[in-house]
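As structure tokens, the structure follows; a few thoughts come after it.
What follows draws every value from the coordinates through simple rules; no lab data is involved. Remember, it's a predicted structure, so these values are computed and weren't measured experimentally. Cβ atoms come from the backbone with ideal geometry, glycine included; neighbour counts cover every protein chain shown.
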Amino acid sequence: MEIDVFTLFPEWFDWFTAQRHVRNALAGKVRFERVNFRDHTPLSGGQVDDTPFGGGAGMLLRVDVVDSALRAHYQLDPVELRAQRRVIALTPGGRLLDDELVDELAAEPALTLLCARYEGFDERIIEHFASDEVSIGRYVLSGGELAAMVLCDAVLRKLPGALGDASSSAEESFSSSLGGDPEYPHYTRPAEHRGWRVPEVLLSGHHERIAQWRRERSRERAQRLGGDAAD
Ligand code: ADE
């Protein structure tokens, strides 16, 4: 898989790419590249943003800047790019990132992530260059970088070989093998601490009863979440 992140703050990703599971992915089949919009701006003084027409607070990432950064990187009119690969603009109002969308993105051969700062994107960037708008939640971050890292983290751990034990991603929260329910509780040693005992069934070695107990706990958690993780 190939992931290109377009940002004004490529150094934000230093920490992310230094983490072991990300390094492992990058040592394997994943290529991760950062592109600084500022390196490709056609404007003088490294300008990349501007004030909104009609007034209002904050600055917007300019469409001509994004156009020239995408064009320089892919040697292609960016309007054509989204027919070839997912071009994702990170915005607070986009499609909410959930397990289904993560699976969808993990199956792609290539992703382009666009991160805006300030008040966000000139709308023409989303309209003409992006194939998707993705949000990690209904709150506003100071930019798309953290959201891009969240998305990459969730996608990378779905790729084959990313986790030590492949079954640990198959039966995790919200996966189809749990019917979209949150994951059941886990316990490890000691079996008792300050009088808090691990449920006896988990110590029984009885695989069927353990599986049933786990299904029931998952369902209970789904119901506590208001049913939106289930049904
Ligand atoms: N950019 C700013 N806030 C965001 C959010 N909640 N999700 C994705 N991108 C964002």
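Odds and ends about this structure:
- Dipole-positive endmost among Gly56, Ala222, Leu105 within the chain (Cβ charges, Cα centre): Ala222
- Remark: the range 171-230 carries a charge dipole of roughly 240 debye about the Cα centre, counting +1 on each Lys and Arg Cβ and -1 on each Asp and Glu Cβ.
- Ordering Gly144, Pro199, Ile88 by Cα displacement along the dipole of the chain toward the positive end leaves Pro199 in first place; charges were set at the Cβ atoms of Lys, Arg (+1) and Asp, Glu (-1).
- Extended-chain gain in nm, criterion 0.36 nm per residue less alpha-carbon gap, Ala27 and Gln47: 3.7 nm
- Scattering from the range 171-230 was approximated by placing one identical point on each alpha carbon and applying the Debye formula without solvent; log10 I(q)/I(0) at 0.14, 0.15, 0.24 1/Å stands at -0.44, -0.50, -0.96.
- Inter-site label distance for Arg95 and Ala110 at 7 Å from Cα along Cβ, in nm: 2.0 nm
- Listed values for the range 97-112 are Karplus-derived 3J(HN,Hα) couplings in whole Hz (6.51 cos²θ - 1.76 cosθ + 1.60, θ = phi - 60°), namely 6, 9, 4, 5, 5, 4, 4, 4, 6, 5, 8, 7, x, 8, 10, 10, and x replaces Gly and Pro.
- Along each principal axis, Cα extent of the range 81-231, largest first, Å: 59, 30, 30
- When the P(r) of the range 6-80 is calculated, the portion above 21 Å amounts to 44% of the C-alpha pairs.
- Dipole magnitude (debye, nearest 20) for the range 74-231, charges at Cβ of Lys, Arg, Asp, Glu: 680 debye
- Per residue, the convex hull volume that the Cα atoms of the range 2-156 enclose (Å³): 113 Å³
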